[in-house]
């Protein structure tokens, strides 16, 4: 016997899932196919190829907010996208 909600397995004699409070079934239905992500960029795998020292860096994002910067930087790092930061110039605030 199995719970159709949480897919927990029960021994014979049980009739209701103790967590979901729904009747158990003798056979679980097939799992639904996963739907594609609404944003195709979320389905991309991180780049794992060789480093590209001659890559041309372009500005794709700019902010003065350190929290937004940290979020963007972390997202790029999680996706293994190399980032470059401009050099600090004397007299220009960070």
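The values are calculated or read from the model by the stated rules, or taken from the named source; none is laboratory data. Note that the structure is predicted; figures quoted are calculated from it, not measured. Glycine gets a Cβ as well: all are built from the backbone with ideal geometry, and neighbour counts include every protein chain shown.
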**Request:** Of the numbered conditions (1) modelled with pLDDT under 90; (2) surrounded by 10 or more Cβ atoms within 10 Å (Cβ to Cβ), residue 50 fails exactly one; give the number of that condition.
**Result:** (2)
**Message:** Tell me whether the range 77-93 contains one or more residues that are over 30 Å from residue 1 (Cβ atoms), assigned to a helix (DSSP H, G or I) and at pLDDT 70 or above.
**Reply:** yes
**Fill in**
Within the range 13-47, the residues that are modelled with pLDDT of 90 or more and either part of a loop (DSSP other than H, G, I, E, B) or under 30 Å from residue 77 (Cβ atoms) (or both) are 13, 14, 15, 17, 18, 19, 20, 21, 22, 24, 26
**Request:** Being surrounded by fewer than 11 Cβ atoms within 10 Å (Cβ to Cβ) and at pLDDT below 85 is the filter here, so list the residues in the range 64-76 that pass it.
**Result:** 64
